[in-house]
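Only one structure is covered here, and it is reproduced in the block below.
Computed from the coordinates by the stated procedures, all read-outs in this text should not be read as laboratory data. Just so it is clear, the model here is predicted, and its values are computed rather than measured. All Cβ positions, glycine included, derive from the backbone under ideal geometry; neighbour counts span all protein chains shown.
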């Protein structure tokens with residue numbers, strides 16, 4: 001069977017989602033990060049929420065927090081592995097480029113691969129996030145280190 | 001030596017930084033540290049907090065989380081905080097003090113789920129810093145534990161400041 005490479009193609013991926021990063025969501029995410037610790041009551045303005053400030057920082061439009069769309073992979077892994085994800089899960093991501101408000105991105109999760117690392121077994125899915133032009137924005141993997149799913153992979 | 005920044009309301013006044021600058025919100029004026037001021041081994045925190053139902057709900061909405069364990073109840077004795085929510089704990093620990101630049105890498109390791117309303121404590125340490133192709137990288141690791149000291153999750157964020165323009 002040919003190796004699946006989600007950075008190059010969605011063929012063979014176990015999960016693919018195309019979505020648009022709406023400005024309202026970027027703003028809400030930015031506010032979540034700050035509100036919960038700072039108890040702020042006024043709207044936040046920064047390069048995630050405001051076009052002018054994004055341009056002042058050298059971007060054409062407000063920028064998405066990578067942690068925003070990485071949360072989608074957490075949702076998928078929870079659905080697939082439940083307790084094993086929550087107790088033995090790992091995410092590794094390298095951010096290669098920005099995603100902007102209004103951009104349509106594609107998130108891909110590869111099939112499970114059994115990996116032995118440091119003497120222990122883990123089940124690993126490679127991940128990729130692609131931008132409007134099909135350019136890679138983020139690559140990495142999510143994995144479960146122990147438990148029945150790793151043993152069964 | 002730090003650089004002085006000033007916020008007008010909650011407006012970003014230092015557009016150079018991405019993560020750091022985006023999270024400088026508290027003060028009318030503040031003394032910002034720079035990459036050069038930070039050393040490997042520098043510690044931040046501890047800081048304790050609880051995630052409310054409202055915050056968990058809003059985070060689930062914005063990240064489109066649908067799993068019932070995140071939305072209502074779980075086998076762990078209550079609703080769970082989405083695993084990636086504490087991944088932004090770099091902000092309360094160091095985001096108001098340091099201009100760290102753009103996010104380059106992120107690592108998250110989960111050990112035990114964190115329940116809504118449960119008290120947890122996060123603390124962080126700078127585990128590495130280096131320069132590559134002119135970019136100044138900082139590697140910050142922050143660990144979340146419950147009130148008994150049990151490990152919940154460890155996040156490691158690598159940020160990069162671009163080369164300064166001549």
| request: Please give the helix A:23-38 orientation as an angle from the longest Cα principal axis of chain A, in degrees from 0 to 90, rounded to the nearest 10. | output: 90 degrees
| message | Can you bin every Cα-Cα distance in region B:93-140 into 5 Å intervals starting at zero and give me the percent of pairs per bin, rounded to whole numbers? | response | 5, 12, 22, 22, 16, 12, 6, 4, 1
| message | Under 8 Å for C-alpha pairs, at least 6 residues apart: give me the relative contact order for region B:122-166, rounded to a whole percent. | response | 35 percent
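Per-residue mean of other chain beta-carbon atoms within 10 angstrom of the beta-carbon, peptide A:84-90?
Values: counts 1, 3, 13, 5, 3, 7, 5.
Whole-number average of other-chain Cβ neighbours for A:84-90 is 5.
Go ahead and run the numbers for FRET between residue B:47 and residue A:94, Cβ-Cβ distance against an R0 of 30 Å, rounding to 0.05.
The formula returns an efficiency of 0.65 here.
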| field | Full-stretch length increase - residue A:19, residue A:52 - with 0.36 nm per residue and alpha-carbon distance subtracted | value | 9.4 nm
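State whether region B:127-166 is rounded, prolate or oblate according to the following rule on the C-alpha gyration tensor (a ≥ b ≥ c being the square roots of its eigenvalues): a/c under 1.5 gives rounded; otherwise a/b larger than b/c gives prolate, and the remaining case gives oblate. Before the final figure, lay out each step's value.
Working: a/c = 5.63, a/b = 4.26, b/c = 1.32.
Since a/c reaches 1.5 and a/b is larger than b/c, the shape of region B:127-166 is classed as prolate.
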| Shielding of B:48-58 by partners, i.e. mean partner chain Cβ atoms within 10 Å per residue? | 2
| query | So what is the relative contact order for region A:52-153, in percent, with contacts set as C-alpha pairs under 8 Å and at least six apart? | reply | 28 percent
| message | Rg over Rh of region B:42-88, using C-alpha atoms and the Kirkwood radius, what does it come to? | response | 1.05
| Counting only other chains, what is the mean number of Cβ atoms within 10 angstrom of the Cβ of each residue in peptide A:19-30? | 2
| message | Could you sort the peptides B:127-135, B:74-82 by per-residue average Cβ neighbour count (10 Å cutoff), highest mean leading? | response | B:74-82, B:127-135
| note | Here D for region A:73-113, in µm²/s, from Stokes-Einstein with a Kirkwood Rh over Cα pairs at 20 °C and 1.002 mPa s, works out to 172 µm²/s
| remark: The simple spin-label model distance between residue B:40 and residue A:132, using points 7 Å out along Cα→Cβ, in nm, is 4.1 nm
| request: Report, to the nearest 10°, how far helix A:66-81 tilts away from the longest principal axis of the Cα atoms in chain A, using its own Cα long axis and a range of 0 to 90°. | output: 30 degrees
| said: In 10 Å bins starting at zero, report the fraction of Cα pairs in chain A per bin as a rounded %. | reply: 11, 35, 31, 18, 6, 0
